[in-house]
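The values are calculated or read from the model by the stated rules, or taken from the named source; none is laboratory data. Please read these numbers as outputs of a predicted model, since none were measured by experiment. Heads up, the Cβs are rebuilt from the backbone with ideal geometry, glycines too, and the neighbour counts pull from every protein chain shown. Just the protein is used for accessible areas: all its heavy atoms, side chains included, with ligands, DNA and RNA removed. Shrake-Rupley method; radii C 1.70, N 1.55, O 1.52, S 1.80 Å.
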Amino acid sequence: MADLEKLRANLEARGYAASFFQTAAQAADYLDARLDGAVIGFGGSVTVRDMGLYERLSTHNTTFWHWKGDTPADAGSAGVYISSVNAVAETGELINIDGNGNRVSATIYGPGRVYLIAGINKIAPDFDAALWRARNIAAPKNAQRLRLNTPCAAKGDRCYHCTAPDRICRVLTVFWERPRGIGEMELVIINEELGF
């Protein structure tokens with residue numbers, strides 16, 4: 001069981017805002033109420049997709065998402081960016097693995113506000129466990145989803161440190177603290193299992 005108070009304290013000490021919701025629907029309501037008339041970019045995220053955020057926020061915001069035909073550059077240049085993380089350590093580190101870097105680039109520099117969403121399944125007790133989770137759970141599942149030709153996609157059980165042309169884990173980001181190039185960054189934690 002994750003220690004959410006420890007997580008909140010550690011996130012806030014590192015410069016992040018933190019919000020906690022029991023359900024994805026409550027989190028979607030929260031984001032819908034906070035964002036109106038904004039230009040929003042979305043990073044590739046099963047969590048975001050399953051929450052229906054793009055469709056919901058598109059009704060009263062300008063939205064860009066490469067999963068819906070826009071270019072990654074459109075999403076990355078928006079004033080607000082929404083994505084997810086592959087792992088969150090209770091000690092406050094945030095970890096993402098990416099194949100191209102487009103999903104993580106806008107979380108590092110540029111937007112005035114970034115919202116990162118994570119289900120309870122993505123919380124790990126410490127940095128080492130979070131890194132293990134991102135590499136051995138999230139990356140293989142995403143490789144399978146994308147039907148990549150990698151050992152982790154074929155077996156779905158762990159990272160094989162491969163050098164396959166389709167390798168999904170080409171970029172690893174670790175947030176020790178909120179990047180200076182981002183105005184505000186908020187972690188939206190949901191007490192449901194979401195995404196990979």
What number of lysine-lysine pairs in the chain show an alpha-carbon separation below 23 angstrom, given a sequence spacing of 8 or more or placement on distinct chains? 5
What number, in nm² with one decimal, is the all-direction average of the projected area of the convex hull of the alpha-carbon atoms of the stretch 123-196? 6.2
Given contacts defined as C-alpha pairs under 8 Å and at least six residues apart, what's the relative contact order of the chain, whole-number percent? 29
Share of carbon and sulfur in the accessible heavy-atom surface of the chain [1.4 Å probe, %]: 48
With +1 on the Cβ of every Lys and Arg and -1 on the Cβ of every Asp and Glu, and nothing else charged, how large is the dipole of the stretch 111-153 about its Cα centre, in debye rounded to the nearest 20? 240
Under a 5 Å amide H to amide H cut-off, with H placed in plane at 1.01 Å, what residues pair with Val85 once short-range neighbours are removed? Ile117
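Once the other residues with Cβ under 15 Å from the Cβ of Glu12 are scored (Lys, Arg +1; Asp, Glu -1), what is the net sum?
Local charge sum for Glu12: -3.
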With each label point set 7 Å from Cα along the Cα-Cβ vector, what nm distance links Ala164 and Arg145? 1.7
Kindly give the semi-axes, whole Å and largest first, of the ellipsoid equivalent to the stretch 1-40, taking each as the square root of 5 times a Cα gyration tensor eigenvalue. 24, 15, 6
With Ala138 itself left out, Lys, Arg at +1 and Asp, Glu at -1 over residues whose Cβ is under 11 Å from its Cβ give +4
When the distances between all Cα atoms of the stretch 1-128 are binned every 5 Å from zero, what whole-number percent does each bin get? 2, 11, 21, 23, 21, 14, 6, 1, 0
Give the Debye-formula value of log10 I(q)/I(0) at each listed q (0.15, 0.19 Å⁻¹), with one equal scatterer per alpha carbon of the stretch 107-149, two decimals each. -0.55, -0.78
Compute the distribution of all C-alpha to C-alpha distances in the stretch 1-71, in bins of 5 Å from 0, and list the percent of pairs in each, rounded to whole numbers. 3, 14, 21, 19, 19, 13, 8, 2
If you take the Cα Rg of the stretch 65-196 and divide it by 2.2 N^0.38 Å, with N the number of residues, what do you get? 1.03
